Amino acid sequence: MEAILGTCCGLDVHRDEIVACLMKGPLDCKPTTEIKTFSALHHDLKKLKEWLEKEGCHNVAMESTGIYWKQVYAMLEDSFNGTIEILLVNAQRIKNVPGRKTDVKDSEWIASLLREGLLTGSFIPEKEIRELRELTRYRKKMVEEVSTQKNRIEKFLQSSGFKMSTFMSDVFGVSGRLILNHIMKHGQVSIEELESLIKGTLRKKKSEIALAVNGSLNRHERNFLSMQMRHLVKLEENVQEINETINEYMEKFKESAEQLKGIPGISKVATAAIIGEIGIDMSKFPKMENICSWAGVTPGCNESAGKKKSTKTRHGNPYIKSILCEVAWTVTRKKGTYLSNWYWKVKQKRGAKKAIIGLARKILVIIYTMLKENLVYNEEKFKEVQLKHEEKREKKLIQELQKRGYNIEPRIA
């Protein structure tokens, strides 16, 4: 292979240290190699940056090792006024050949592959998008913790004889929380007291709810329930704080957010999560097939000797994949839309799971096209395309039947 870079550096990143191999020299000659080891502490990362700038190294490659690459990337990304080229490479794709086992030779191998142009970098969005991504992913975890805590409280109530969920769809709604607060203070609730605690349409179920909460808690149980409820409130306050911060960030991407909200099934939360994962600059993905494969919503291609084997999708990005599937399930409940009709047709042939992944892919393709070409979602345009497709299928079917001798004329519109 011929070298294409005069100066480059390969980094082997670990938790406590970074091994750097700098290759430098003319393209038609064997390069000189300099290897240095730096700790993962902030002051040593500065030394790494200064060393690369001193040597005039504008091209760096490193493995995507867990989360340890993030600090290194953040330190180097503004080198040479932001013109430095940093490739974050999947470790599986640069797996060392036999005999190259030490960290020093790992960094040397990365540098040699980079010098010869054999490495492809992973997708890394801009700093603002990465910050938004951290918030949306953290919000997802916090919402999951809120659900877990609610389930924990519900389990305790059931074991204590309070069957509120039997007659209340939301135990933690307005009426439910009033009843829980009363139980935490007094250990039980009477029918007369229940009258002032139940709000809205739940008043119709007053007698059933009275039977469901016809129990009592001792001092220990009341204290335990109070601890659980306080933890739940703190989690909900944390989620609210995260939501406010995300809303502030989304002001920077207001135009793109408005575009995505036009797609059926995409809420405000989903919009923030999608932008946080894929960004708004679609030039990072040359084709829609690239972003679909990266997201893990493309069927696998495994064919040998003319036989098709498993078409299982790859793992991809689990965050964008999950939010796209959530949006897809929401779309299926919106009757009369192009996307909903497409799902129910595919479901009859392929089943619900494959249809929902296919719908998630279709939604991602629409998002990609809208952001890349600055378009607005147009449901009527999809209906026109669907109508033309159906007319084309009907015409093809008629031609097949006519070849078999049937006298069939196409319908007059």
Report the one residue of Gln149, Ser165, Ser196 whose Cα lies farthest in the direction of the positive end of the charge dipole of the stretch 129-251 (charges on C-beta: Lys and Arg +1, Asp and Glu -1; origin at the Cα centre).
-> Ser165
For the chain, with +1 on Lys and Arg beta carbons and -1 on Asp and Glu, the positive-most of Ile110, Leu178, Leu211 along the dipole | Leu211
Just give me a number: lysine pairs in the stretch 7-115, eight or more positions apart or cross-chain, with C-alpha atoms less than 15 Å apart.
-> 11
Which value, in Å to one decimal place, does the Kirkwood hydrodynamic radius take for the stretch 136-269 when every pair of different Cα atoms is included?
-> 17.0
Isotropic mean projected area of the C-alpha convex hull, the stretch 7-115 (nm²) | 6.6
Equivalent-ellipsoid semi-axes of the chain, from the Cα gyration tensor, Å, largest first = 49, 39, 19
Per the helix-only model, the chain has a calculated mean residue ellipticity at 222 nm (DSSP H runs of ≥4, -39500 (n - 2.57) each, divided over all residues, rounded to the nearest 500) of -18000 deg cm²/dmol
Anchor Lys372: lysines whose Cα lies under 21 Å away (excluding residues fewer than 8 positions away in-chain) | Lys127, Lys252, Lys254, Lys261, Lys268, Lys284, Lys287, Lys321, Lys362, Lys381
Nearest-0.05 FRET efficiency for Thr32 and Glu128, computed from C-beta distance (R0 51 Å) | 0.85
Selection from Ile366, Tyr343, Ile4, by position along the positive dipole direction of the chain (Cβ) = Tyr343
Inter-label distance for Trp329 and Glu391, nm, one decimal - labels placed 7 Å from Cα along Cα-to-Cβ = 3.9
Percentage relative contact order, the stretch 254-391, counting C-alpha pairs under 8 Å, at least six apart = 28
The size of the Cβ-based charge dipole (Lys, Arg +1; Asp, Glu -1) of the chain about the Cα centre, to the nearest 20 debye, is 2460
Among Met229, Met168, Met62, which one shows the biggest mean-square fluctuation in a GNM of the chain, springs joining Cα atoms closer than 10 Å?
-> Met168
Cα extents of the stretch 177-247 per principal axis, largest first, Å, are 43, 33, 15
About its Cα centre, the stretch 7-115 carries a charge dipole, from +1 on Lys and Arg Cβ atoms and -1 on Asp and Glu Cβ atoms, whose size in debye to the nearest 20 is 280
Any aspartates and glutamates with Cα under 20 Å of the Lys353 Cα? List them, leaving off those in the same chain fewer than 8 positions away.
-> Glu326
Once you charge only the Cβ atoms, +1 for Lys and Arg and -1 for Asp and Glu, what is the size of the charge dipole of the stretch 103-236 about its Cα centre, to the nearest 20 debye?
-> 640
For Leu118, what charge total do you get from the other residues with a beta carbon under 12 Å from its beta carbon, if Lys and Arg give +1 and Asp and Glu give -1?
-> 0
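Explain nothing, just the number: relative contact order of the stretch 7-115, from Cα pairs under 8 Å at least 6 residues apart, as a whole percent.
36
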At a Förster radius of 35 Å, what calculated FRET efficiency corresponds to the Cβ-Cβ distance of Lys261 and His14, to the nearest 0.05?
-> 0.25
Reach of Lys403 by Cα under 29 Å, taken over lysines that are not fewer than 8 positions away in the same chain | Lys345, Lys349, Lys388, Lys392, Lys395
Using a ≥ b ≥ c from the Cα gyration tensor of the stretch 254-391 (square roots of the eigenvalues), is it rounded, prolate or oblate, where a/c under 1.5 gives rounded and otherwise the larger of a/b and b/c decides, a/b for prolate?
-> oblate
What percent does the relative contact order of the chain come to when contacts are Cα pairs within less than 8 Å and at least six residues apart?
-> 11
Length added when fully stretched, Arg203-His186, from 0.36 nm per residue minus Cα-Cα = 3.9 nm
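Rule-based calculations on the coordinates, nothing more; no lab input. Worth saying up front: this structure is predicted, and the values here are computed from it rather than measured. Every residue, glycine as well, gets a Cβ built from its backbone with ideal geometry; the counts of neighbours run over all protein chains shown.
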